[in-house]
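For reference, the structure discussed in these notes is given below.
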Amino acid sequence: MSRVLALCFLLLAAVIGFLHIDSRPPWAPFAINAVTSVEEVDVPVSPKSKNQSISSKASIPSPISTWLPDTGAASVHAASLIALKDGAIRAFWFAGSREGAADVVINSAVFDPKSSDWSAPMVVMDRVSAEKGLSRYIAKLGNPVPARMADGRLQLFFVTVSIGGWAGSSISSVISDDEGLTWSNPQRLISSPLINLSTLVKSPAISFADGRLGLPAYHEWIGRFGEFLRIDAGQVIDKRHMSSGRSAIQPLVFVNNAQDATAYFRQTRSAGQAKQVPVSQTQNAGQSWQSEADLPIANPNSAVTGLQLNNGARILVLNNLETGRYRMVLMMADAKSGQWQTIEVLEDDEALPEDQRKEFSYPYLISHDSSDAHLVYTWDRKKIRHRYFSGAWLKRAQSQLDTPPVDVISQEAK
Amino acid sequence: MNSLMQTLALVEMSITCAAVITLLLQKTTSQEFPLISKVLLILLISNLFFWPLGLGMELPLSAYVRGVIGDLSIVTTLLLWTSLLSVKKFTPLVFKFAIACIAITFYPLALGLGMIDPYAWGYGSTLFFIAVLLFAAVCGLANWNKGVWIIAIAILAWAAHWHESANLWDYLLDPFLAVWALIAVFGALYGKRKENARSGYLFRPG
């Protein structure tokens, strides 16, 4: 009798479980932005800079450079950006006495493109707020990554650690209805079966056609591999491996069309293996990924960022070195050739003795109008540098790609 | 809704901590505690874990434990809680063996051994769900009704989004259950080997 009762209860659970599975949203194709031809791109007005060093050549202003506001913290890192509805750019970064310290907070400030000024920094999240909101002990905070939800709200994903180093990370998120002025209570994303340990974010999310987000994440404890999380508001509703083993983290996704996307990774290979950018590809909107041949650009185990412009050209910012992070370059690939070329050396301390070289790392790129590019990156762990490249400047750089390349990718990877 | 989920998770963790401490106390004595003593102990200890105690701590004790080990699966939680009701009813070895086999295949694959990720099946794979139902039905046919109840409750908890996870695996399995099952299986194998050796000694010819 008790067995019959138990089996009847199981039957009830089975029916409810099947109804639950049936109510899940199907996997959607990627949302794609229309690509316009080069000739159709208007030259946008670039923001005025306080410290412009504009060459008088043509009427195209040089890229501008600013610094994110100083919070007085000794160590800053992992900056990210998102475009706001009013045309401003909001930055997020973490700051504290040192990376991984308990006093690290996630800061935010807004860049006004008209005045080229940053607002005063505000604290979005600190350790105590995170642990109270998540109802669990939190030891430290890490990388923040913002995203725009389909309903227009901002969502900020950020890394928290309860035990151990970054390998013990989990992702949480907060949501803002007012463009980042105030934030909801944090919610934990569950993405790993091993006590939810070791999932981190670094790169921008992409959108699915159904409005949900695809968040490139990575695992870096037992394995070091990319993961693609399908996010519905504050929870993971599906995920896929983007790579396997211990060789590639921090995936950056370029959407090629509704089904096809390419991911570039930061390599974490052991000594003796190629120090180049690992690549994965999906042809079913991220439901499965296959490893492809490396992009022949040197990578010293450091983050890569990039974006696609509305004319089809793609840009990357990375340290094109096999060891060290003392040089950072902006590269571009034309939509037709796909050949990556360096168009601007952003930082280079190669001439300095090794012990005086600074670290330039964790670049993050966004575009405000799909033709321009805002870049932020860690400058020697002490400051965050912001660079702005106007659409006109990038268009000119693209037009010069056809001239004999000075520094093509095959040379970079030597 | 989120705050209710967080509060319930802390209640669950407080009771689990109390259950573990009670079981450890029980191990120190050969005489089984009467049920009323166990209930009182659980009430007392779980309250200690649930309410903020101050003493320089920002959170209740259960939140510190939860920060380290996360939310336990429903299967682990219920096995632990029900083990307090009667220490004499053991979980069948074959169930532990099955859990151990699943765990040693599941965790390496889910943690990046290859591109196949069995953890992803837990978000809504019909085939995986049928496999879980079959596993539960086999528990019933093998006359371990408690297993059927526990798995069915885990499925209902998953469908109701009881914990933060939307993945059925997180309601069925966790590393602590896997380690417990592995220790039990290796313990049983070791015991069997010892027994064989002893019987071999006793009945060795001439």
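Over region A:340-398, what per residue volume does the convex hull of the Cα atoms give, in whole Å³?
Values: hull volume 5.7 nm³, N = 59.
Each residue corresponds to 97 Å³ of Cα convex hull volume.
Could the peptides A:113-122, B:66-75 be put in order, highest first, of the mean number of other beta-carbon atoms found within 10 Å of their residues?
Details: A:113-122: 15.1, B:66-75: 22.6.
With the highest mean Cβ count within 10 Å placed first, the list reads B:66-75, A:113-122.
Rounded, prolate or oblate: pick one for the protein assembly as shown, where a ≥ b ≥ c are the square roots of the eigenvalues of its C-alpha gyration tensor, a/c under 1.5 means rounded, and failing that, prolate if a/b is larger than b/c, else oblate.
Values: a/c = 2.17, a/b = 1.94, b/c = 1.12.
Note, shape of the protein assembly as shown comes out prolate.
Give, rounded to the nearest 20 debye, the magnitude of the charge dipole that chain B has about its Cα centre when Lys and Arg contribute +1 at Cβ and Asp and Glu contribute -1 at Cβ. Display every interim value, and only then the final one.
Numbers: 12 positive and 9 negative charges, 230 e Å.
Computed charge dipole of chain B: roughly 1100 debye.
Once you charge only the Cβ atoms, +1 for Lys and Arg and -1 for Asp and Glu, what is the size of the charge dipole of chain A about its Cα centre, to the nearest 20 debye? Mind dumping the intermediate values first?
Details: 40 positive and 40 negative charges, 179 e Å.
Charge dipole, chain A, about its Cα centre: 860 debye, nearest 20.
Within 10 Å of each Cβ in B:163-169, how many Cβ atoms from other chains are there, averaged over the peptide?
For this peptide, the per-residue mean of nearby foreign Cβ atoms is 6.
Show me the helices of chain A, taken as full DSSP H stretches, that run 20 Å or more along their long axis by Cα and average 0.0 or above in Kyte-Doolittle hydropathy.
Numbers: long enough: A:2-22 (30 Å, 1.97).
Span-like helices, by this rule, are A:2-22.
So what is the relative contact order of chain B, in percent, for Cα pairs below 8 Å that sit 6 or more residues apart? Please report the intermediate quantities before stating the final value.
On the way: 165 pairs, mean separation 47.6, N = 206.
After rounding, I find 23 percent.
Tell me, how many Å apart are the Cα centres for region A:274-304 and for region A:366-381?
A separation of 22 Å, based on Cα centres.
Where the only charges are on Cβ atoms (+1 Lys, Arg; -1 Asp, Glu), what is the dipole of region B:87-206 about its Cα centre, to the nearest 20 debye?
Values: 9 positive and 5 negative charges, 189 e Å.
Value, rounded to 20: 900 debye.
Just tell me how shielded B:172-181 is by partners: mean number of partner chain Cβ atoms within 10 Å of each residue's Cβ, no decimals.
Numbers: counts 1, 1, 4, 4, 1, 0, 2, 0, 0, 0.
Mean shielding count: 1.
Tell me, what is the percent relative contact order of chain A, built from C-alpha pairs under 8 Å that lie six or more residues apart?
14
Within a 10 angstrom radius of each residue's Cβ in B:149-156, how many Cβ atoms of other chains show up on average? Whole number is fine. Walk me through the numbers before you get to the answer.
Working: counts 6, 1, 4, 11, 3, 2, 9, 6.
Other-chain Cβ atoms within 10 Å of each residue's Cβ, averaged: 5.
Give the distance, in whole Å, between the Cα centre of region B:102-170 and the Cα centre of region A:203-222.
24
Roughly how many Å is it from the Cα centre of region A:309-362 to that of region A:111-133, as a whole number?
Each part's Cα centre sits 28 Å from the other's.
Of A:Leu189, B:Ala181, B:Leu113, which is farthest on the positive side of the dipole of the protein assembly as shown, counting Cα position, with +1 on Lys and Arg Cβ, -1 on Asp and Glu Cβ, and the Cα centre as origin?
Comparing the listed Cα positions along the dipole, B:Ala181 ranks first.
Ranked highest first by average number of other Cβ atoms within 10 Å, how do B:184-193, B:11-20 line up?
Top to bottom by mean Cβ count within 10 Å: B:11-20, B:184-193.
Where a number appears in this text, it was derived from the coordinates with a stated rule and is not lab data. Quick caveat, the model's predicted, so the values are computed rather than measured. Cβ sites come from the backbone with ideal geometry, for glycine too, and all protein chains shown count toward neighbours.
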